[in-house]
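Engineer: After the structure tokens below, expect a handful of questions from me.
The values are calculated or read from the model by the stated rules, or taken from the named source; none is laboratory data. Bear in mind the structure is a predicted one, so any value in this text is a computation, not a measurement. Glycine gets a Cβ as well: all are built from the backbone with ideal geometry, and neighbour counts include every protein chain shown. All accessible areas refer to the heavy atoms of the entire protein, side chains included, with ligands and DNA or RNA removed. Shrake-Rupley method; radii C 1.70, N 1.55, O 1.52, S 1.80 Å.
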Amino acid sequence: MKSTWRPILDYLQRNDRSEIWLLLAIVALPVDGTTLGIYAPFWSPISPALFAVYCACNWRLLRLTMHRYATLFAIPVVLVVLSMPGWTVFGLHANAAFMSLTGVLGALCTLAALDIAFERKRLDWRPLVGLLIAAYWFAFAVGVVQWVAIRLGLTPITNYFQHLMYRPYLNADSPWGGGRPQFLFAEPSYIGMHLFGILLPLSWMMRTRDSIYAARLRHLIVVFAVGAVLMQAGTRIVIDSVVALIVVIVESTVWHEPAKRLRGVVQLIGAGLLGVCGVLADSRLLSIAHHGAEGDGSFFARIYQSLDPLCGLLAHPWTLLTGYGAGGIADACRQGANQAASILDGMGMDGAAALNFANSHTPNTVWTMCAYTSFLAEYGLIGLALLIGAIIRHINARQTWNKTMVCWLVLVAYLYIQCENYAFAAIPLLIWGADLIGGATRAPHTSVAAPAEA
């Protein structure tokens, strides 16, 4: 305990008080669904704002970071330029545009904070991993308390979280599927984003640097995932866990050795069987298997929430290139709703759902639940290609391509299919951690360096 918390106390006792913002941001990473956070259509994070404050406090070092990641920091300017045609034709929704662009800036602030703290200031990041582990254990404990309160009918506790959470799922009458613990996340489906977008990559980074923290991360991931499944927190965690397990098997197996290759194949078969068991054990997945997309309302909603804006891009082909502009998802939904309804009707599904979704949401409340759909709707193929190209370019420039890096990239790409939050920490962590995963030569720094002004 002393070795874990002593460096944290050292940070607090330094002359450079900006480290307090870094510590708070790390503690708040699992907290993205409360009314205490910053409003966004589907989540309310705290950490991106705290990382931004940390960057502002270290503005001299921020300039060096922006130079290192110049291509990525140019992206917001490009997105504003791409937005201008859409704003001209369909109008500028200032609040929605602000939320979209600040989401992108939030991701850049997270990346910059990591670089400032651990590359410029040379801080020891191992104790901060311990702090993050403690924060996620606390989030898991909150979920257990929520689950117990739901099962025992402890109304004071469920009512407390009813007021604390931005989109509460605890009460049975929740319009989003109640009676489920959501921990401190925006919704239960984000469990996999946190476990496999943040904690699992961290365990890979710590594997060759600190075996104790790597083991603690693995234990946390397993307990959190199994606990969430047993508490029936959501359907997506079942699917995400199977996908992550397959990725872990692929990443950890030495495929060129026959004996280990055979073991890896057996493990993949076992993961596949586990996935089948998950489908059979989960009522919602079983309903989808039997009745198709409309077998589960949440799954069907994800289809028409993306189909509306994608059809909107086809309604005005030039928007395929530049999108409808920042904050223009609602315009894309309205323009494509009729075509989306026709497609669903032609497939024997309820096309009216697509129309209702487009007509019942404003630019400030609309969401798609898919990062690719949202980004395409707002910034078009040009914006999406530039973003992906900038990420790949940075990874390639660091010469970090290996099996672990490829598995990490594939896993993150999968996770964002059902997460549209631009400021989520998974992509910034991927970009920053590319050097650590690839070379495996840079050990975490073991001392607290001089203040930023030095």
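Engineer: Viscosity 1.567 mPa s, temperature 4 °C: give me the Stokes-Einstein translational D for the stretch 88-147 in µm²/s, with Rh taken as the Kirkwood radius over C-alpha pairs. Present the calculation step by step, with values, prior to reporting the outcome.
Structural biologist: Working: Rh = 14.9 Å.
Estimated diffusion coefficient is 87 µm²/s.
Engineer: At 7 Å along Cα-to-Cβ for each site, give me the label-to-label distance between Trp137 and Arg398 in nm.
Structural biologist: The modelled label-to-label distance comes out at 2.8 nm.
Engineer: Could you tell me the extents of the stretch 147-281's C-alpha atoms along the three principal axes, largest first, rounded to whole Å?
Structural biologist: Cα extents, longest axis first: 57, 36, 21 Å.
Engineer: Give the relative contact order (percent, whole number) for the chain; include only Cα pairs under 8 Å separated by 6+ residues.
Structural biologist: 22 percent
Engineer: If you put +1 on each Lys and Arg Cβ and -1 on each Asp and Glu Cβ, how big is the dipole of the stretch 169-227 around its Cα centre, in Debye rounded to 20?
Structural biologist: 320 debye
Engineer: Express in nm, to one decimal, how much length is gained between Ala301 and Tyr372 on full extension, taking 0.36 nm for each residue of separation and deducting their alpha carbon distance.
Structural biologist: Between Ala301 and Tyr372, full extension yields an extra 24.0 nm.
Engineer: Please state the Cα pair-distance histogram of the chain with 10 angstrom bins from zero: what percent is in each bin?
Structural biologist: Calculated over all Cα pairs of the chain, the distribution is 4, 19, 30, 28, 15, 3, 0 percent.
Engineer: Please name whichever of Pro76, Gly192, Trp59 sits farthest to the positive end of the charge dipole of the stretch 16-436, dipole taken about the Cα centre and charges placed at Cβ: Lys and Arg +1, Asp and Glu -1.
Structural biologist: Checked the options; the winner is Trp59.
Engineer: Then there's this: Let me know the longest stretch in the chain that avoids all chymotrypsin sites (Phe, Trp or Tyr not before Pro) found in a DSSP loop with at most 14 other C-beta atoms within 10 Å. Write down the numbers at each step before the final one.
Structural biologist: Details: sites that count: Tyr39, Trp255, Trp318.
With a cap of 14 other Cβ atoms within 10 Å, the longest stretch comes to 40-254.
Engineer: If I model a spin label at Val266 and Trp59 as a point 7 Å from the Cα along the Cα→Cβ vector, what separation in nanometres do I get?
Structural biologist: Between Val266 and Trp59, the label points sit 6.2 nm apart.
Engineer: Now a separate question. Would you please give the FRET efficiency between Val148 and Ala94, computed as 1/(1 + (r/R0)^6) with r the Cβ-Cβ distance and R0 = 41 Å, to the nearest 0.05?
Structural biologist: Once rounded, the FRET efficiency stands at 0.40.
Engineer: Please compute the net charge surrounding Met99, taking Lys and Arg as +1 and Asp and Glu as -1 over other residues with Cβ under 13 Å from its Cβ. If you can, show how the numbers build up before the last one.
Structural biologist: Numbers: positive: none; negative: Glu378, Glu420.
Computed value for this residue: -2.
Engineer: Still on this structure: On a full-extension model of 0.36 nm per residue, what is the gain between Leu274 and Tyr160, subtracting their alpha-carbon distance, rounded to one decimal in nm?
Structural biologist: Difference between extended and current length: 37.4 nm.
Engineer: Now for a separate question. When all C-alpha to C-alpha distances in the stretch 215-274 are sorted into bins of 5 Å, what percent of pairs does each bin hold, rounded to whole numbers?
Structural biologist: Each 5 Å bin holds this share of Cα pairs: 4, 18, 22, 22, 17, 10, 5, 2.
Engineer: Beyond 23 Å, what percent of the Cα pairs of the stretch 52-156 remain?
Structural biologist: Of all Cα-Cα distances in the stretch 52-156, 54 percent exceed 23 Å.
Engineer: Which percent of the accessible heavy-atom area of the chain goes to carbon and sulfur, probe 1.4 angstrom?
Structural biologist: C and S fraction of accessible area: 68 percent.
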